[in-house]
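Q: Quick one: this structure, given as structure tokens, is what I'll be asking you about.
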Amino acid sequence: MYEPSRMGEFVKVMYVACNPSGESELMLEREITELQRRAINAAGEPVEFLFFPELSVEELPLEISKNRPDILHVSAHGDKGILALANSEGAEVVLTGEILLHFIDKEYSPLLVYLNACNSDKIAQELTVKVSMAIGTTAPITNRAAIASARLFYERLLSGGTVDEAFKSGKYMIEALQSSEATSMLFTNGNVDPSKTRPYQRPRIVARSKNNLFKPDKSDRFKLEWGVIGCHKNTIQLVFFTVDETFIDEKRKDKQTDEAFLASQLCRVIRRTPVRGVLWSNEPEWTYGDHKIFASWVTAGGEIFSIESTLCEALELYYRYYNKDIPDQAKQAILQLQKNDGADLDHDPFNQVRTHRNDT
């Protein structure tokens, strides 16, 4: 079975294509190369595209077992429940759903099989006996539709979308290009929810209230934590920082230099290993209003990445991402933070300086 523990760590896509001699090529090679470049430049865990443009049927089950892909993408000609691939001599070999099922290692089956072939919906449905999800088409599709649909599908996944979101994008692309004469279908075995499954986690800033209390102090400040989801597993140092001057408490300057003082007030340095791609700040921050948050991190290999967000966006993302809905307390806190954001606040209701880190 597919191992859920691997979700969010990395994605391995195995692309297979081998057309019999004399058959027209599907011409997806250029699109896959573009996706490979896109994956290499992604800020999160690496996405590995294994490209086998001329893999013979004899080698197919061996390579599937050897590479254990999360997504098996098969590009072939199809018709009425069969796929046409080639043997080592280039002669046509017909694969049924049953044959392809026996080529897949049951212990390490892919999360998803993507059949980029005409009339492949029946085979896709048969594959869910062993795999969690499979995609196939209901009718003949053009090269243009196949290419556009596949490219959009992987772009959505690389943007951190769910399998369902990526599938629907590709499905409607096929329907748009073929005037709804053909479409694609997503089948599942019932053990995985495509609307909640994100094979690739794009790095984003999130925020939360510890224990979901959202209890403001007498100055309407909330104690919140910042975090990054989708952080590269080889991250060795992460820095959260803001340019919001209300975080600066002059009373704490002491004898520090200006640079050291500002760094202590506006930055938080994290030197821990991400857990399932997630890193949280060392300590919560007292926060009065919405503001910009930045995160930069470096990996052991020397790669450097940076992302930005606002506090309210980070709060909304965290609760939508993990809870699918925002608790009422969080909604009220977000409204209050947004209300307090900006220079239009001309008075302090408690006649106090709005600092963020003073204990209450």
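Q: List the lysines whose alpha-carbon lies under 22 Å from that of Lys66, not counting same-chain residues fewer than 8 positions away?
A: Lys12, Lys106, Lys130
Q: Could you give the nm distance between label points at Arg144 and Leu213, where each point is 7 Å from its Cα heading toward the beta carbon?
A: 6.1 nm
Q: So, one more: Between Arg202 and residues 5 or more places away or on another chain, which pairs have amide H atoms under 5 Å apart, with H built 1.01 Å from N, and which residues are they?
A: Gly160
Q: Please work out the FRET efficiency for the pair Thr257 and Glu283, using the Cβ-Cβ distance as r and a Förster radius of 25 Å; give the result to the nearest 0.05.
A: 0.65
Q: Using 5 Å bins from zero, what percent of all Cα-Cα pairs in segment 269-342 falls into each bin?
A: 3, 13, 19, 24, 19, 12, 7, 3, 1
Q: Might you report the magnitude of the Cβ-based charge dipole of segment 245-311 about its Cα centre, with Lys and Arg at +1 and Asp and Glu at -1, to the nearest 20 debye?
A: Dipole magnitude for segment 245-311 comes out near 320 debye.
Q: On to the next question. Could you give log10 I(q)/I(0) at q = 0.20 Å⁻¹ for segment 105-209, computed by the Debye formula over C-alpha point scatterers of equal weight, without solvent?
A: Taken in order of the listed q values, log10 I(q)/I(0) reads -0.99.
Q: Would you work out which of Pro194, Phe240, Ala207 lies farthest towards the positive end of the dipole of segment 183-257, given +1 charges on the beta-carbon of Lys and Arg and -1 on that of Asp and Glu, about the Cα centre?
A: Pro194
Q: Would you work out if segment 201-253 is rounded, prolate or oblate? Take a ≥ b ≥ c from the square roots of the eigenvalues of the alpha-carbon gyration tensor; rounded if a/c is under 1.5, else prolate when a/b is larger than b/c, oblate otherwise.
A: On the way: a/c = 2.97, a/b = 1.44, b/c = 2.06.
It is oblate, given that a/c is not under 1.5 and a/b is not larger than b/c.
Q: Give me the one-decimal nm value for the distance between modelled label points at Ser195 and Cys267, 7 Å along each residue's Cα-to-Cβ direction.
A: 4.4 nm
Q: Let me ask something else. Which order do Val57, Val113, Val47 fall in if you start with the one that has the fewest other Cβ atoms within 10 Å?
A: Fewest-to-most Cβ neighbours within 10 Å comes out as Val57, Val47, Val113.
Quick note: the coordinates plus some simple rules give every number you see, no bench work behind them. Predicted, not measured: the structure shown is a model, and the values here were computed from it. Here the Cβ is made from the backbone with ideal geometry for all residues, glycine too, and neighbour counts use every protein chain on show.
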